[in-house]
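Here is the structure we will look at.
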Amino acid sequence: MSESAESNDSLVFSMGEFQASFPQDRLYAKNHMWAMPTDAGRFRFGLSAYAVRLLQDVYFLDWIVDAGATIAASENIGSIESKKAESDLYSPLAGRLTAINPEALDDPSAINAEPYGAGWLIEIETDDASRLLDPEAYLKHLDSAWEVAQRTIKGQANQ
């Protein structure tokens with residue numbers, strides 16, 4: 001079972017021996033992306049510390065959509081590769097993709113080093129952010145996600 005604790009301006013989720021910190025000034029998506037409002041109806045997204053920890057050492061990022069595209073919630077928008085996994089990336093919200101971080105595309109190691117800063121991924125303009133979770137709700141979501149992740153890591157996903 002995980003524990004959460006408040007530390008300064010962030011919340012902490014325990015992943016075994018590792019602790020993932022989550023800034024409280026953001027919202028979160030169930031696909032483990034953080035969301036920071038940048039303008040009215042526009043959000044910047046990146047991977048949460050939880051996702052970065054599970055992936056470990058991101059080294060490749062690719063997008064199959066371009067800035068300006070209209071995207072649906074949960075639409076496949078790209079892929080990410082790391083030491084541990086190759087995964088598709090899905091849009092956390094429906095809207096218009098307004099920006100892709102060119103620095104993260106050129107050097108995905110920024111995702112590992114600064115997941116809440118220079119490692120941001122995309123910006124989306126939307127008129128419906130209701131799918132986003134506040135930090136406390138995201139921590140509750142992580143409790144169940146962590147149980148599934150541990151079973152998967154241990155090869156017990158179907159038990």
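Values quoted throughout were computed directly from the atomic coordinates according to the rules given, and no laboratory measurement underlies them. Because the structure is predicted, anything quoted here is derived from the model rather than measured. We place every Cβ from the backbone using ideal geometry, glycine too, and count neighbours over all the protein chains shown.
Given a Förster distance of 30 Å, report the FRET efficiency between residue 39 and residue 134 from their Cβ-Cβ distance, rounded to the nearest 0.05.
0.90
At q = 0.14, 0.20, 0.22, 0.29 Å⁻¹, work out log10 I(q)/I(0) for region 99-140 with the Debye formula, treating every Cα as an identical point scatterer and leaving solvent out; two decimals please.
-0.46, -0.77, -0.82, -0.90
Set the Förster radius R0 to 30 Å, insert the Cβ-Cβ distance between residue 105 and residue 141 as r into 1/(1 + (r/R0)^6), and round the FRET efficiency to 0.05.
0.60
If R0 is 22 Å, what FRET efficiency do you get for residue 96 and residue 62 from their C-beta distance, rounded to 0.05?
For R0 = 22 Å, the calculated efficiency reads 0.60.
Kirkwood Rh and Cα-based Rg: tell me the resulting Rg over Rh for region 26-87, rounded to two decimals.
With Rg and the Kirkwood Rh in hand, the quotient comes to 0.98.
Which whole-percent values make up P(r) of region 1-124 when all C-alpha to C-alpha distances are grouped in 10 Å steps starting at zero?
Histogramming region 1-124 at 10 Å steps yields 13, 46, 33, 8, 0 percent.
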